[in-house]
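Novice: Can you read through this structure? Questions will come right after.
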2 protein chains.
Amino acid sequence: MSEVRAKATLAQEAAAAMNKLTTEQKNTALSAMADALTAREEEIIAANADDLQRGRDNGTSTSLLDRLALNSERIAGIAEGLRQIVELPDPVGELLESFQRPNGMKVEKRRVPLGVIGMIYEARPNVTVDAAGLCLKTGNCVVLRGGSAALSSNRKIIEILKDAMKSTSLPVDAIQLIEDSDRASVNEMLKLNGLLDVVIPRGGAALIRNVVENATVPVIETGAGICHVFVDDTADMAMAADIAFNAKVQRPSVCNSIETLLVHRDIAESQLSALVKPMLEANVELRGCERAKSILGDIRSATDEDFSTEYNDYIINVKVVDGLDEALSHIRRYGTKHSECIVTETGGHAGRFLQEVDAAAVYHNVSTRFTDGFEFGFGAEIGISTQKLHARGPMGLPALTSTKYRITGNGQIRG
Amino acid sequence: MSEVRAKATLAQEAAAAMNKLTTEQKNTALSAMADALTAREEEIIAANADDLQRGRDNGTSTSLLDRLALNSERIAGIAEGLRQIVELPDPVGELLESFQRPNGMKVEKRRVPLGVIGMIYEARPNVTVDAAGLCLKTGNCVVLRGGSAALSSNRKIIEILKDAMKSTSLPVDAIQLIEDSDRASVNEMLKLNGLLDVVIPRGGAALIRNVVENATVPVIETGAGICHVFVDDTADMAMAADIAFNAKVQRPSVCNSIETLLVHRDIAESQLSALVKPMLEANVELRGCERAKSILGDIRSATDEDFSTEYNDYIINVKVVDGLDEALSHIRRYGTKHSECIVTETGGHAGRFLQEVDAAAVYHNVSTRFTDGFEFGFGAEIGISTQKLHARGPMGLPALTSTKYRITGNGQIRG
């Protein structure tokens, strides 16, 4: 049996025991795991040094090495993340519906764990702990397949987490780490119907596309964000400039930052230069439509491909539109249904935008950067879903649960 | 452009208009569609006669021909189904969460249509109307791909529905029928990410397997049911016999009927013959484990394959188990997580069964046959989900919706 199948089978066998745990048992274990990470930080740092050395030998970029690197402070932060998960309410067992039918049978719908969750992600070892913590808190088992660049770190982290679990009520088989770094191990996970209940990819566009295109196991897609801010003719222009700047510049590398600024033609001539001035000062590259170029001068033309690109960088497209309808149709064509914003003082336009834009999160006079589990008050998040089934937008703990109908009676049969 | 892509594109373009409709506009249209079906029943019956003739020419079985056949009474029933959908509450717009964050921004989570739903199903033309009605009521567009055996009937039904829509607020492009009977048209639908938001298969195991294995569009699986009744040692034996008989015999062809009866060893010797007597009288074939055979005499052995088969027929496996634990492990191994029942007077056993069995619906002293949207009081159902994501068990109208976060503020930016 392959490593993937063997470990997924162990996880599936542990699922029944996980399903029986109380919230207190799970929290006790998560706290012990957090303590173990800090107590054994030197072992983690040593294992991480192996990954970093291998990365340098392979010519890995400085920014990737930085995301891979662990030190005492980062390990403390990771452990603190686990303790925050302890503080979150446990969704498992929550009563969602309860009713009695005319024949006397009582029906309850309660939240239950999903079962076994497959996580496929890239090189950041903090995801290993985050994902394990969120899955265990919700009574799930988890099969982790992280990037091979972090394998030594992940192996040590999982060893420490499992050691800590041994003295708790949690079955140690509830966490599995796939060590096979061949891409075939990912593709095998994607077909493990019956052993994995869901696969969640976290990473770049290529990783997510591979999962969506090849998985037969149900997927929660945490996808790309081509997001927009539309500045309407009645916008408070200082607010609009602040929101556009924040949505582009505060952290360009994340999915809820914007790639395109749409501006109403009636205020473009008078306001566009002021709107983009803070971005220019922050060395953001502008690319414009013809009308924007005629106002802003010597900037590169924004092509169809530009409007379709998630830059994750200090680049923004600027497009002048005839009004709300053109803004809506541009977003419909190029948006990825993630986060979209209108800045306007016209209530009717805000209402239409919030109603008609098809996205996980639609904003009126608020930066798109708030599409985030912490910012919504959900605590830690497993990702931001860009699909429409099961969960949409920032996913808190309930997104890691399913439901079950429990029906009780005294001999009801169907006539 | 292929027929499938062209029609899915039309549906996607109609989605924005569908999303703006009021409940009253949708209900008015559905009522008009119901009226049109009865008013033009003769045209439907004539088109259906073509399908029936073709079926007879191709040697289609009598039972399949019966499922395909439409007459005045059946058309009235189909139209009545549409009118029942009118009566159901509209989930679109429902406020699911509402909170204000410390920075003052207000967050609302509301139900929204999924967008465009692809339905892939077999030869029953009533599904065409059901699916169209449920999808339109929830503000969705639908691309229908029914079995080729019903193509003439489906074509006429869709013509009538679209004619009726012309005098209403609904965009006629919201319903699309794929007429290409080549299987390649199904497989093309399964890959239409960006045009279809979800695919729902309804039909036999082979149809569902093809969809699950090949779809890159998210799928709601409405799958097989290998369901069990476990008769515990403290069961009320008259109740147990009634429930087992009902769960097997009342309608063996459906997914929530049972395939295996599990009986506690301590009451097997004294009660098993009485438990199965009503089934024998209804000409149900018994297949047994060794212990069951030693009590029941000359019946066929139940093999591993038998325990893994959804008979959908007058056949049942009988297995004597050592108690609750063996019943649970048998269900874990052979069940399809659909509907499972324990008959017992021991509260602790009922509690464990309801907690530990991983299925969409778990029953204590109630027949499994109630896993059904109508029986749960949801009204018409689009199917019974056997997956754990999005919807599980009977799917009423809310299963055909997604959610959207709407955030309003006065210039909030992220620090």
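Novice: Whose amide H sits under 5 Å from the amide H of A:His338, counting only residues 5 or more places off or on another chain, with H placed in the peptide plane?
Specialist: Residues meeting the amide H criterion: A:Ile226, A:Ala360.
Novice: While we're on this one: With Cβ to Cβ distances under 13 Å as the rule, what net charge do the other residues near B:Pro102 carry (K, R +1; D, E -1)? Walk me through the numbers on the way to the answer.
Specialist: Numbers: positive: B:Arg101, B:Lys106, B:Arg414; negative: A:Glu375.
Net local charge, B:Pro102 excluded: +2.
Novice: Put +1 on the Cβ of every Lys and Arg and -1 on every Asp and Glu Cβ in chain A; which of A:Ala16, A:Met105, A:Ser339 then has its Cα farthest towards the positive end of the dipole?
Specialist: Farthest towards the positive pole: A:Met105.
Novice: A follow-up question, please. Can you tell me the equivalent ellipsoid semi-axes for region A:350-407? Use √(5λ) from the Cα gyration tensor, largest first, whole Å.
Specialist: Largest first, region A:350-407 gives 25, 16, 9 Å.
Novice: I'd like the orientation of helix B:72-87 relative to chain B: the angle between its Cα long axis and the longest Cα principal axis, in ° from 0 to 90, rounded to 10.
Specialist: Long axis of B:72-87 versus the principal axis of chain B: about 70 degrees.
Novice: Roughly how big is region B:7-83's charge dipole about its Cα centre, with Cβ charges of +1 (Lys, Arg) and -1 (Asp, Glu), in debye to the nearest 20?
Specialist: So the magnitude is around 300 debye.
Novice: Which residues belonging to region B:374-406 lose at least 50 Å² of 1.4 Å-probe accessible area when the assembly is complete, relative to their chain isolated?
Specialist: Those are B:Glu375, B:Phe376, B:Lys388, B:Leu389, B:His390, B:Arg392, B:Lys404, B:Tyr405, B:Arg406, which lose 50 Å² or more relative to the chain on its own.
Novice: Using a probe radius of 1.4 Å on protein heavy atoms only, what is the accessible area buried between chains A and B, both sides summed, to the nearest 100 Å²?
Specialist: 6000
Novice: With a 1.4 Å probe and every protein chain kept in, tell me what percent of the accessible surface of chain A is carbon plus sulfur.
Specialist: 48
Novice: Per residue of region B:288-302, in order, report the coupling 6.51 cos²θ - 1.76 cosθ + 1.60 (Karplus, θ = phi - 60°) as ³J(HN,Hα) in whole Hz, putting x for Gly and Pro.
Specialist: After applying 6.51 cos²θ - 1.76 cosθ + 1.60, I find x, 6, 4, 5, 5, 5, 5, 8, 8, x, 6, 10, 5, 6, 7 Hz.
Novice: Loop only by DSSP, 16 or fewer other Cβ within 10 Å of the Cβ. Give me the GluC sites (Glu not before Pro) in region B:281-372 that pass, ordered by residue number.
Specialist: Details: sites: B:Glu281, B:Glu285, B:Glu290, B:Glu305, B:Glu310, B:Glu326, B:Glu340, B:Glu345, B:Glu356; in loops: B:Glu310, B:Glu345.
Here the GluC sites (Glu not before Pro) that fit, given the DSSP loop and packing criteria, are B:Glu345.
Novice: With contacts defined as alpha carbon pairs under 8 Å and 6 or more residues apart, what's the relative contact order of region A:227-370 in percent?
Specialist: Numbers: 282 pairs, mean separation 48.7, N = 144.
The normalised contact order for region A:227-370 reaches 34 percent.
Novice: Viscosity 1.567 mPa s, temperature 4 °C: give me the Stokes-Einstein translational D for region A:34-167 in µm²/s, with Rh taken as the Kirkwood radius over C-alpha pairs. Present the calculation step by step, with values, prior to reporting the outcome.
Specialist: Values: Rh = 16.7 Å.
Rounded, D is 78 µm²/s.
Novice: Here's something else I'd like to know. What are the ³J(HN,Hα) couplings of region A:405-415, residue after residue, when phi is run through the Karplus curve with 6.51, -1.76, 1.60 and θ = phi - 60°? Round to Hz, x for glycine and proline.
Specialist: Residue by residue, region A:405-415 yields 8, 10, 10, 10, x, 9, x, 5, 10, 8, x Hz.
Novice: With +1 on the Cβ of every Lys and Arg and -1 on the Cβ of every Asp and Glu, and nothing else charged, how large is the dipole of region B:34-162 about its Cα centre, in debye rounded to the nearest 20?
Specialist: Working: 17 positive and 18 negative charges, 123 e Å.
Here region B:34-162 has a charge dipole of around 580 debye.
Novice: Now a separate question. What three numbers, in Å, describe the spread of the alpha carbons of chain B along their principal axes, ordered from the longest?
Specialist: 69, 68, 36
Novice: Quickly estimate the mean residue ellipticity at 222 nm for chain A, helices only: each DSSP H run with n ≥ 4 gives -39500 (n - 2.57), and the total goes over all residues, rounded to 500. Numbers along the way, then the final one.
Specialist: Working: 15 runs with 182 residues, N = 415.
After summing the helix terms and dividing by residue count, I get -13500 deg cm²/dmol.
Novice: Normalised by the number of residues in chain B, what is the relative contact order in percent for Cα pairs under 8 Å and 6+ residues apart? All intermediate terms of the calculation are to be shown ahead of the outcome.
Specialist: Numbers: 830 pairs, mean separation 74.6, N = 415.
Relative contact order comes out at 18 percent.
Novice: Still on this structure, please answer the following. Is there a simple number for the mean count of other chain Cβ atoms within 10 Å of the Cβ of residues in B:354-363, and what is it?
Specialist: On the way: counts 7, 7, 4, 4, 9, 3, 4, 6, 5, 8.
Counting Cβ atoms of other protein chains within 10 Å of each residue's Cβ and averaging gives 6.
Novice: Would you give the gap between the C-alpha center of region A:69-134 and the C-alpha center of region A:233-283, rounded to a whole Å?
Specialist: Centre-to-centre (Cα) distance: 37 Å.
Novice: Could you tell me the distance between the Cα centroids of region A:358-388 and region B:179-197, to the nearest Å?
Specialist: So the two Cα centres are separated by 31 Å.
Novice: Mind listing the phi-derived Karplus ³J(HN,Hα) values for region B:379-387, rounded to whole Hz, using 6.51, -1.76 and 1.60 with θ = phi - 60°, and x for any glycine or proline?
Specialist: These are the phi-based 3J(HN,Hα) values: x, 4, 10, 8, x, 10, 6, 10, 9 Hz.
Novice: In addition: Considering the dipole of region A:227-370 built from charges on the beta carbon (Lys and Arg +1, Asp and Glu -1) around the Cα centre, which of A:Val284, A:Ala241, A:Gln271 is farthest to its positive end?
Specialist: A:Val284
Novice: Here's something else I'd like to know. List the residues, sorted by chain then number, that are 5 or more residues from A:Gly118 or on another chain and whose placed amide H is less than 5 Å from its amide H.
Specialist: Hits under the 5 Å cutoff: A:Val143, A:Asp197, A:Val198, A:Val199, A:Ile200.
Novice: I'd like the antiparallel share, as a percent to the nearest 5, of DSSP beta bridges with both residues in chain B.
Specialist: 30
Novice: Among bridges DSSP assigns within the protein assembly as shown, what percent are antiparallel (round to 5)?
Specialist: 25
Novice: About the Cα centre of the protein assembly as shown, what is the dipole size in debye to 20, counting +1 per Lys and Arg Cβ and -1 per Asp and Glu Cβ, all else neutral? Numbers along the way, then the final one.
Specialist: Details: 90 positive and 112 negative charges, 54 e Å.
About 260 debye.
Novice: While we're on this one: Looking at region A:227-370, I'd like the Rg to Rh ratio, where Rg is from alpha-carbon atoms and Rh is Kirkwood's inverse mean 1/r. Provide the component values of the computation, followed by the final result.
Specialist: Details: Rg = 13.2 Å, Rh = 14.5 Å.
Taking Rh as the inverse mean 1/r over Cα pairs, Rg/Rh reads 0.91.
Novice: How many times 2.2 N^0.38 Å is the alpha carbon radius of gyration of the protein assembly as shown?
Specialist: 1.01
Novice: Let me ask something else. Inside 10 Å of the C-beta atoms of A:209-215, what's the mean count of C-beta atoms belonging to other chains?
Specialist: Partner Cβ neighbours, averaged per residue: 2.
Novice: Among B:Asn71, B:Ala132, B:Pro89, which residue has its Cα positioned farthest towards the positive end of the charge dipole of region B:61-203, with +1 placed on the Cβ of Lys and Arg, -1 on the Cβ of Asp and Glu, and the dipole taken about the Cα centre?
Specialist: Toward the positive end, the furthest listed residue is B:Pro89.
Novice: Sticking with this one: What number comes out for accessible area per residue over region A:227-370 if the probe is 1.4 Å? Units Å², please. Walk me through the numbers before you get to the answer.
Specialist: Numbers: 5290 Å² over 144 residues.
Here the per-residue accessible area is 37 Å².
The values are calculated or read from the model by the stated rules, or taken from the named source; none is laboratory data. Given the structure is predicted, the values throughout are model-derived calculations rather than measurements. Every residue, glycine among them, receives a Cβ derived from its backbone with ideal geometry; neighbour counts consider all protein chains shown. Areas reflect the complete protein model, heavy atoms only, side chains present, ligands, DNA and RNA absent. Shrake-Rupley method; radii C 1.70, N 1.55, O 1.52, S 1.80 Å.
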